[in-house]
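For reference, the structure discussed in these notes is given below.
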Amino acid sequence: MPTRIFKFYRKETDSYEVVNPELWQWRANYNDGTFLEQFDSQDRFHQIAEISQKELHNFVMFNIETGKGITLKFPKGASLIHSYLRGGQIGDPTSSYTVYVFGYEFQAQKVILAILPDGNLALVDDIKDIKLLSFSKSTNL
Amino acid sequence: MAATVEICESNGAGETISHNLTNSNMGNTDASSPDPVAYPISPGNRSYIKYQRVHVTNMGGSSQVKTLKIWRTTALAGSTTHVTNARTSSYAGALSYATPVKTAVTNVDQAMPTSQPGSANLGIGGDLAGIISAAGYSDYLGHQLITDAGDTAGNTSTMNYQYEETA
């Protein structure tokens, strides 16, 4: 299967940027049955800001290798949260990691899910609580 | 990965920038990735200060890179200490580049964290809440080892970084 090349058009520079696919990608499902995919079928990349949150029914993160998904029911009036925590050791590219962070803020409370590099899932109410070494069977947050 | 991010180091009077560091070795010379065996720090003295930056070379579809965190893992041997300008509060603003020296540098006096900080400790544009929204650099991370007269050679530890990216 040929490798797909996704592109993002940046208005500020009037130019296209190549975007590498993410292991976990999002799909925004709207109340009217339509949807917006982060990496769409036309090989276009979409930013979170393009999601019409007022029309959002649920937000799905899916793994492009396993096909498994995590569905987040989106409360009306909530604010969507989505970002990546990336890092590693200076000078060691093999140590680089990505944590996929998503959730929402609703009535001053946050519900945040973090997909960790080992595939485990953490539920927190503050992104500051996401520390890789914190999530083991013997550690209490 | 969306944004392309590397760690750079500046050296020399004319500020020569070394991109995509392969290590963060420190020694008795102003150079990127020096051989510490060839340039050992004399016990009781400091290493040459490092001026490093997080560099976004391409936003890759992302809108922001922010919340930069730098820390060291594994303990240093002997009585060696590790100082930096990185801090999570009362940030002194962007550190200015100067030809690296092996004496103390103003504002490079905080203990390098040995676990992941709870919030940003390296600024962008002089502000811990700063953001990178187009190809560009963070503030300089200044850091330096201070050895004790009784220390011996052979310190090995790991420098870590993390940032938040919005796409």
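Just so you know, all these numbers are worked out from the coordinates, no wet-lab data involved. All values derive from a computational prediction rather than experimental measurement. Every residue, glycine as well, gets a Cβ built from its backbone with ideal geometry; the counts of neighbours run over all protein chains shown.
Structural remarks
- Shape of region A:68-111, Cα gyration tensor, a/c cut at 1.5: prolate
- Cβ crowding within 10 Å averaged over residues, with B:141-150, B:85-94 ranked highest first: B:141-150, B:85-94
- Pairwise Cα inverse-distance average, inverted: Kirkwood Rh of the protein assembly as shown (Å): 21.1
- 3J(HN,Hα) along region B:25-34: 4, 10, x, 8, 7, 8, 7, 7, 6, x Hz, from the Karplus curve 6.51 cos²θ - 1.76 cosθ + 1.60 with θ = phi - 60°, whole Hz, x for Gly and Pro.
- The mean number of partner chain beta-carbon atoms within 10 angstrom of a residue's beta-carbon across peptide A:72-84 is 2.
- Spatial separation of Cα centroids for region A:1-72 and region A:96-111, in angstrom: 17
- Hull volume in cubic angstrom per residue (convex hull over the Cα atoms of region B:31-103): 170
- When chain B is described by a simple charge dipole with +1 on each Lys and Arg Cβ and -1 on each Asp and Glu Cβ, the residue from B:48, B:103, B:150 located farthest towards its positive end is B:150.
- For chain B, built as a Gaussian network whose Cα springs stay under 10 Å, the top-fluctuating residue of B:26, B:112, B:59: B:59
- Under a model in which nothing but the beta-carbon of Lys, Arg (+1) and Asp, Glu (-1) is charged, region A:12-141 shows a dipole of about 600 debye around its Cα centre.
- Distance between modelled label sites at residue A:64 and residue A:11, nm, 7 Å Cα→Cβ extension: 2.6
- Whole-percent P(r), region B:59-167, all Cα pairs, 5 Å bins from 0: 2, 12, 21, 21, 19, 13, 7, 4, 2, 1, 0.
- Using the Cβ-Cβ distance between residue B:158 and residue A:32 with R0 set to 41 Å, the FRET efficiency works out to roughly 0.20.
- Rounded to the nearest 20, the size of the Cβ-charge dipole of the protein assembly as shown about its Cα centre is 420 debye, with Lys and Arg at +1 and Asp and Glu at -1.
- Inter-chain Cβ neighbour average for residues A:14-22, partner chain, 10 Å: 3
- Between residue B:115 and residue B:6, the simple label model (points 7 Å from Cα in the Cβ direction) yields a spacing of 3.4 nm.
- Cα gyration tensor category, rounded, prolate or oblate, for chain A with a/c compared to 1.5: oblate
- Between residue A:23 and residue B:45, the simple spin-label model (points 7 angstrom out along Cα→Cβ) gives 4.5 nm.
- FRET efficiency estimate (nearest 0.05) - Cβ-Cβ, residue B:73 to residue B:35, R0 22 angstrom: 0.50
- Averaged over A:88-96, number of beta-carbon atoms from partner chains that fall within 10 Å: 6
- Shape of region B:67-110, Cα gyration tensor, a/c cut at 1.5: oblate
- This model, with +1 at the C-beta of Lys and Arg and -1 at the C-beta of Asp and Glu, gives region A:1-86 a dipole about its Cα centre of some 240 debye.
- Residue with peak Gaussian network fluctuation, chain A [Cα springs, cutoff 10 Å], from A:68, A:76, A:128: A:128
- Compactness relative to 2.2 N^0.38 Å, alpha carbon Rg of region B:83-129: 1.16
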